[in-house]
1. What number goes with the only condition from (1) polar (S, T, N, Q); (2) surrounded by fewer than 18 Cβ atoms within 10 Å (Cβ to Cβ); (3) not in a loop (DSSP other than H, G, I, E, B) that residue 120 does not pass?
2. Among the residues of region 203-214, write down those that are among the hydrophobic types (A, V, I, L, M, F, W, C), surrounded by 24 or more Cβ atoms within 10 Å (Cβ to Cβ) and either within 8 Å of the ligand (Cβ to nearest atom) or assigned to a loop (DSSP other than H, G, I, E, B) (or both).
3. Please count how many residues of region 128-138 are farther than 29 Å from residue 241 by Cβ and within 16 Å of the ligand (Cβ to nearest atom).
4. Which residue is farthest from residue 247 (Cα to Cα), if the candidates are limited to region 139-196 and must be among the β-branched types (Val, Ile, Thr) and within 16 Å of the chain's Cα centre (by Cα)?
5. Please specify each residue of region 149-161 satisfying the condition of being surrounded by 13 or more Cβ atoms within 10 Å (Cβ to Cβ) and either of a type in the set (S, T, N, Q) or assigned to a loop (DSSP other than H, G, I, E, B) (or both).
6. So residue 174 clears everything in (1) modelled with pLDDT of 95 or more; (2) under 24 Å from residue 74 (Cα atoms) except one condition, right? Which one?
7. Return yes or no: is residue 140 of a type outside the set (A, V, I, L, M, F, W, C) and touching a Lys or Arg at 6+ places or on another chain (Cβ under 9 Å)?
Amino acid sequence: MATRNSKTLLNNQHVKLPGADLYRGDCLAVLPGLTGPFGAVVTDPPYSSGGQSKGDRARSTGDKYLNSGATKYPDFLGDTKDQRAYLHWSALWMGLCFERLADGGLMIVFSDWRQLPVTTDAMQAAGVTWRGIAVWDKTGGARPYKGGFRSQAEYIIWGSKGALKGERYSPGVFRVNPLAGGKLHQVGKPLPLMEELVAACGPRILDPFMGSATTGLAALGQGKTFTGIEVSQHYFQVALSRLKEGLP
Ligand SMILES: C[S@@+](CC[C@H](N)C(=O)[O-])C[C@H]1O[C@@H](n2cnc3c(N)ncnc32)[C@H](O)[C@@H]1O
């Protein structure tokens with residue numbers, strides 16, 4: 001299992017690929033060194049969720065987010081904050097992204113139902129004009145809930161830096177199956193979902209929590225440029241190979 005230690009944070013690394021700049025490090029350390037403006041921030045941060053109590057949240061990410069708990073993908077980092085810490089931390093990284101966003105640029109951030117209120121608070125605290133919530137409908141294959149309602153949705157909180165400048169009309173609900181086999185990250189997002197989001201954005205995309213670089217692949221596929229940051233050495237390498245080889 002991957003653990004967070006001072007080495008993973010100190011040894012920042014930068015790799016340049018055609019159309020892409022990949023950084024390995026903590027986004028709070030890397031973002032101040034990046035030069036904007038970016039057309040959009042499209043990102044899927046650790047939710048620090050998956051439980052009602054501190055003990056629940058401290059469990060491994062595989063345990064929290066996967067039905068079986070068993071996974072061939074390593075756990076990922078940064079997922080154990082309580083809600084108050086999550087709010088402060090989110091406002092910090094969102095603030096750094098906001099400074100580097102173009103006027104009218106979009107900020108698009110994934111969340112689940114537990115962290116939805118603090119994530120919208122953080123976005124506004126960072127200076128973003130919060131404009132709405134779109135829905136990822138994970139379809140009937142999502143986790144059932146005996147006596148309750150299927151865990152079928154994740155949320156896409158979005159806002160902009162000042163007045164919107166885009167011309168495109170995008171949907172507010174995305175019905176896309178979650179990844180089954182073949183995915184490269186424990187909680188990787190499906191490429192078709194990220195393609196829809198990236199299509200709404202300007203030409204230079206920033207993802208401070210790139211994981212396996214699904215956002216990056218979508219961006220490059222649409223002729224946009226991509227800047228991604230990932231703290232885990234394992235997932236940084238996955239992202240690098242994926243963008244080099246164009247793996248879906
Ligand atoms: C939910 S995953 C992103 C998955 C991605 N959307 C994909 O499709 O592969 C969040 C990622 O953020 C990384 N992460 C956590 N804390 C971070 C930090 N402070 N700076 C940069 N990356 C971080 C985790 O290691 C994890 O890979």
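The values are calculated or read from the model by the stated rules, or taken from the named source; none is laboratory data. Just so it is clear, the model here is predicted, and its values are computed rather than measured. Neighbour counts run over all protein chains shown; Cβ positions are idealised from the backbone, glycine included.
1. All conditions are met except number (2).
2. 210, 213
3. Going through region 128-138 one residue at a time, the tally reaches 1.
4. Of everything passing the filter in region 139-196, 157 is farthest from residue 247 (Cα to Cα).
5. 150, 151, 152, 160, 161
6. Answer for residue 174: the failing condition is (2).
7. When the stated conditions are applied, residue 140 passes them.
A quick yes/no check of all residues on (1) among the hydroxyl-bearing types (Ser, Thr, Tyr); (2) on the phi > 0 side of the Ramachandran plot; (3) buried (at least 17 other Cβ atoms within 10 Å of the Cβ); (4) in a loop (DSSP other than H, G, I, E, B):
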position: 147; (1), (2), (3), (4): no, yes, no, yes
position: 163; (1), (2), (3), (4): no, no, no, yes
position: 169; (1), (2), (3), (4): yes, no, no, yes
position: 186; (1), (2), (3), (4): no, no, yes, yes
position: 192; (1), (2), (3), (4): no, no, no, no
position: 201; (1), (2), (3), (4): no, no, yes, yes
position: 216; (1), (2), (3), (4): no, no, yes, no
position: 223; (1), (2), (3), (4): no, yes, no, yes
